[in-house]
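Participant: My questions all concern the structure below.
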Amino acid sequence: RGLDGAMLGRAAFQNPDLLFDVDRKVFGEDRRTDPSALIDTMAAYIDAHVAEGGRASHVTKAMIGLFQGVPGARRWRQILSTRAHEDGADSRVLREAFAAVASRLAERAA
């Protein structure tokens with residue numbers, strides 16, 4: 001289609017849903033990943049990253065805006081912004097943060 005790339009900058013961090021719009025408009029794809037499956041995948045990635053000497057916050061920083069506009073998103077951000085920086089933080093922090101929005105996501109999907 002003549003598109004080699006696009007620069008989104010911070011917009012993708014602040015509003016990740018923007019990427020779903022890009023996929024739909026550019027590639028004709030209209031599918032969304034199940035949030036629970038996404039959390040499971042990222043939790044495994046965090047644990048692998050931590051096992052290699054990394055910190056959970058290196059991964060969760062990019063996930064702060066993931067649930068923007070969803071009730072409970074403030075708590076999601078608070079947990080990731082504080083607990084992921086603690087020594088020994090791992091995927092449990094991500095799962096705790098997800099619990100703050102999971103029930104609201106289920107309500108929206110119903």
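Participant: So what's the stretch 35-109 giving for Rg/Rh, alpha carbon basis, Kirkwood Rh from the mean inverse pair distance?
Facilitator: 0.96
Participant: Between ASP17 and TYR45, how high is the FRET efficiency from 1/(1 + (r/R0)^6) when r is the Cβ-Cβ distance and R₀ = 22 Å? Nearest 0.05.
Facilitator: 0.60
Participant: To the nearest 20 debye, what is the magnitude of the charge dipole of the stretch 35-109 about its Cα centre, counting +1 on the Cβ of each Lys and Arg and -1 on the Cβ of each Asp and Glu?
Facilitator: Computed charge dipole of the stretch 35-109: roughly 400 debye.
Participant: For the stretch 1-57, just list the percent of Cα-Cα distances falling in each 10 Å bin from zero outward, please.
Facilitator: In whole percents, the pair-distance histogram is 18, 34, 34, 13, 0.
Participant: Using Cα pairs closer than 8 Å and at least 6 residues apart in sequence, work out the relative contact order for the stretch 35-109, in percent.
Facilitator: Across the stretch 35-109, relative contact order equals 35 percent.
Participant: Hey, what number do you get for the chain at 222 nm if only DSSP H runs of n ≥ 4 count, each worth -39500 (n - 2.57), divided across all residues, to the nearest 500?
Facilitator: About -16500 deg cm²/dmol.
Participant: Now for a separate question. Give me the angle, in degrees from 0 to 90, between the Cα long axis of helix 91-109 and the longest principal axis of the Cα atoms of the chain, rounded to the nearest 10.
Facilitator: 50
Participant: Just ASP30, ASP17, ASP90 to compare: in a GNM of the chain, with alpha carbon springs under 10 Å, which one fluctuates most?
Facilitator: ASP30
Participant: Which one of ARG24, ARG92, ARG55 has the biggest mean-square fluctuation once the chain is modelled by GNM with Cα springs under 10 Å?
Facilitator: ARG24
Each reported figure results from applying straightforward, stated rules to the coordinates on display, with no laboratory input. What you see is a predicted model; the values in this text were computed from it and never measured. Quick reminder, even Gly has a Cβ in these numbers, built from the backbone with ideal geometry, and neighbours come from all protein chains shown.
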